[in-house]
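First comes the structure, then the notes that go with it.
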Amino acid sequence: MAYTHDLAVHEKLELHELLTFKTACAAKASMMQNQVQDAQLKGLLNQDVSNARIQIQELQGLLQGTMQ
């Protein structure tokens, strides 16, 4: 993203808050995968964890871009 260097402080804090929330959600979904018996629910949790990992990497990239 070309404009990440121009983010205001409150925008950087919002990104950090989203990153923290997404990380907690991914951890919970990952732990629940081991406890779920239903194959369809297990598949949904697996998909959620995979999507969350991608989103976490994107948020980290945005935050790192603002630190440079």
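The modelled label-to-label distance for the pair Lys12/Ser50, using points 7 Å beyond Cα in the direction of Cβ, is 3.5 nm. Placing +1 on each Lys and Arg Cβ and -1 on each Asp and Glu Cβ, with no other charges, gives region 5-68 a dipole about its Cα centre of roughly 260 debye. Compared with the dominant principal axis of the Cα atoms in the chain, helix 9-33 is inclined by about 10°. Computed from Cα positions, the angle between helix 39-67 and the longest principal axis of the chain comes to roughly 10 degrees.
Dividing the summed helix terms, -39500 (n - 2.57) for each DSSP H run of n ≥ 4, by the number of residues in the chain produces a 222 nm estimate of -28500 deg cm²/dmol to the nearest 500.
Any read-out appearing in this document is the output of simple, stated calculations on the displayed coordinates, not a laboratory observation. On a predicted model such as this, the values are computed, not experimentally measured, just so you know. As a convention, Cβ positions derive from the backbone with ideal geometry for all residues, glycine included, and neighbour counts pool all protein chains shown.
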